[in-house]
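Enquirer: The structure under discussion is supplied below as structure tokens; questions concerning it will follow.
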Amino acid sequence: MGKPNRTALRQLIFIVMIAAVAILSIMLRWLDRPTPPTRTIVKSYGISTLPPTPATNTVLTPVDKTPSLTVENRHSRDSAGKSEEFPVTSTPNGTAPSPDTGSSQSAYPITPPEPKASVLPSNSFNQEIAVYEEPGSTYFIPTQFHGKIVHRIAPIENEKVIALTFDDGPWPRTTSQVLDILKHNNIVATFFWVGQNLQAYPKIAQQVVADGHAIGNHTWHHSYRQMDRPTAVAELDKTAELIYKTTGIRTALFRPPGGILTNGVADYAKQRNYTIIMWSNDPMDYRPLSAKELVKNVIRTAKPGCIVLMHDGGGNHYETVKALPETIQELQKLGYRFVSVPELLELGMIEN
Ligand SMILES: [Zn+2]
């Protein structure tokens, strides 16, 4: 009697299962009209993450919003960087072109030196300003000389120290000849470079630094003209950045072309805490004087702590090169020791 009953039970179970599947499929088809999963996501997202945004702002909304905030921050940083208060050197396009629009101006190859700017988080804006406020220096310059004009210094105990300086290079032939003479005599000097000459002769410049000499900034165009602020900024900062890009040297030494302190560029350099390096010994090698006369002129006005003005660039300085060995010898005979300008500044007080 068990067997027929069991068969009937199996048939019953089968029928019930079929019915259940049929009912389920009918229910599913009925429920299929809306899209419940999507709707649920939108709703839960809206509640947990989004402030009162309309339901139409779906999942993509917060993703769109993040980059737009970042772009705003960058704009505000850039515009601040270009302001007069903080003439950031890393934005060469932000500085107005110089009146001397030579080919060097348009061909100026400087890339932003501080890639930090685009990487920094938005709240580090103040740090960025702090970095650019100081010129920065590879050389130690005593704080008493920051932003000051120096013609010579008063060395401690009147030590016979003297600083030879060479302006307007780098320059083909002459600079290398000067380097050879300095090396032969085992002495260091200081070179004040013109940006456009540095751009033309980077290899010569690198040799100057490799030989251990100090470097100063002598503007980009060597112009004597009155400069408005953007021009002064460009003249000084572009040259500073090219010096850094070419040699890795950051210099806070500045010498105004022609020694002119009133045309705007020296004022800007002072504001940037550069030390304005003038001279107290001028043999006048920019005039057609013989080597003999140049030697005599240097020796006649030599004093402890003095700074000698000479030129290795900007024209023909054959007589300067010719006068140099004898000038060195004569000064050594008088007991002078040759130092770079940064070394000189460490040895004494300002005496103008
Ligand atoms: Zn000069």
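Enquirer: Sort Asp228, Asp211, Asp167 so the one with the fewest other Cβ atoms within 10 Å of its own Cβ comes first.
Expert: In increasing order of surrounding Cβ atoms, one gets Asp228, Asp211, Asp167.
Enquirer: Expressed in whole Å with the largest first, what are the equivalent ellipsoid semi-axes of the range 265-352 derived from the C-alpha gyration tensor as the square root of 5 times each eigenvalue?
Expert: After diagonalising the Cα gyration tensor, the semi-axes are 25, 18, 10 Å.
Enquirer: While we're here: How would you rank Ile249, Ile276, going from fewest to most other Cβ atoms within 10 Å of each one's own Cβ?
Expert: Lowest count first: Ile249, Ile276.
Enquirer: Taking only C-alpha pairs under 8 Å that are 6+ residues apart, what is the relative contact order of the range 143-351 in percent?
Expert: Computed over the range 143-351, the figure is 37 percent.
Enquirer: A further question follows. If you add up the charges near Glu326, with Lys and Arg at +1 and Asp and Glu at -1, over every other residue whose beta carbon is less than 11 angstrom from its beta carbon, what do you get?
Expert: Neighbour charge sum, excluding Glu326 itself: +3.
Enquirer: Restricting attention to the range 213-277, which chymotrypsin sites (Phe, Trp or Tyr not before Pro) occupy a DSSP loop and are surrounded by at most 14 other Cβ atoms within 10 Å?
Expert: Answer in residue order: Tyr224.
Enquirer: Let me ask something else. Evaluate E = 1/(1 + (r/R0)^6) for Glu330 and Arg225, where r is the Cβ-Cβ distance and R0 equals 35 Å; express this FRET efficiency to the nearest 0.05.
Expert: Efficiency at R0 = 35 Å is approximately 0.40.
Since every read-out is calculated from the coordinates, none of them should be taken as a lab result. If you're wondering where the values come from, they're calculated on a predicted model, not measured in any experiment. Positions of Cβ are generated from backbone atoms using ideal geometry, with glycine treated the same way; all protein chains shown enter the neighbour counts.
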